[in-house]
Amino acid sequence: MWGYMFYMHGDSLCMHGILIYYCVIQYPESRKKFKTNLFLDCRATIRSFLSQVAIMAVGKNKRLTKGGKKGAKKKIIDPFTKKDWYDVKAPSMFINRQMGKTLVTRTQGTKIASEGLKGRVFEVSLADLQQDEVTMRKFRLISEEVQGRNVLCNFHGMDMTTDKLRSMVKKWQTLVEAFVNVTTTDGYYLRVFCIGFTKKRQDQMKKTCYAQSTQVRKIRAKMVDIMTREISNSDLKEVVNKLIPDSIGRDIEKACQSIYPLHDVYIRKVKVLKKPRFDMGKLLELHGEGSSTTVTKGAGEEGTKVERVTDGFEPPIQESV
């Protein structure tokens, strides 16, 4: 900086004056050693020079002329003013189909609101869906289509609440668990978990009710067989209808009475591992808004020939294909 200033003025007196002024500022007690007039002349020279440098700097730096930071003039906008509410609809297997509402940013540019809604997973208690007091099961529903302001959901899984599972685990009994991977008739690949506990026999005086390892293996095999049979012969809608009252758990409990008495037998969890390709007709059928059912002919039933009525219309003959 000092070299630049000396080059611009080309005056050794100015350079000496700057150094003297700097020494006076740093060391006030040295003011008596310098004459007052020389000190004032140096101060005036330095001020004029610094003003020229400041003008040059303002002219070269373009950011200083714009004034302030870039984001200083941005207005604070409430993000909820850009969002819309959509109604979440459950399939027709449940009594209460209006699950609730969800938010999404409205369509802007290439970002479409319906695409942001698809794929959302909602976890709802069965008590809210069926309007009863059974609160131990939770159903997971995934949004697959948007129609107007309605989000149409499909079954995505089932689970039990943690407090119910912890309350069932006790001492002096045997816990038996099993799981199976099974495919429904409409192509859904599910993983189903089952849980059960041994109980005392009638008029039993013994404190414990432990099952032997061979009995546990037989009970587990029964669980796998019944779950495979009940789910592989049903489509997804029928599977959900069986999960709501948990009829599969009662069937397992009855079938295992000959091996060892069980209680608290439930389908603990259901996972959807794979899905078939999305079909709008099947989704509308689940919601009761369409029909894609196929009618199968029974034994001895034959179709009747239907003649096509053309009203004398014949298509024109084309010269070339």
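The values are calculated or read from the model by the stated rules, or taken from the named source; none is laboratory data. Every value quoted in this text rests on a predicted model; they were computed, and no experiment measured them. We place every Cβ from the backbone using ideal geometry, glycine too, and count neighbours over all the protein chains shown.
When the criteria are applied in full, Val134 meets the requirement of being free of Cβ contacts under 8 Å to residues at least 12 places away in the same chain and more than 30 Å from Val104 (Cα to Cα).
Scanning segment 64-95 for residues that are at pLDDT 60 or above and either in a helix (DSSP H, G or I) or among the acidic types (Asp, Glu) (or both) yields Lys73, Asp78, Pro79, Phe80, Thr81, Lys82, Asp84, Asp87. Based on this model, can you work out whether Thr185 counts as exposed (fewer than 14 other Cβ atoms within 10 Å of the Cβ) and under 30 Å from Pro276 (Cα atoms)? Here the answer is yes, as Thr185 does meet what is asked.
Checking each residue in segment 194-237 for being surrounded by 20 or more Cβ atoms within 10 Å (Cβ to Cβ), among the hydroxyl-bearing types (Ser, Thr, Tyr) and assigned to a helix (DSSP H, G or I) picks out no residue at all. Of a type in the set (Gly, Ala, Ser) and either buried (at least 17 other Cβ atoms within 10 Å of the Cβ) or farther than 21 Å from Asp279 by Cα (or both): is that true of Ser114 in this structure? For Ser114, the condition - of a type in the set (Gly, Ala, Ser) and either buried (at least 17 other Cβ atoms within 10 Å of the Cβ) or farther than 21 Å from Asp279 by Cα (or both) - is not met.
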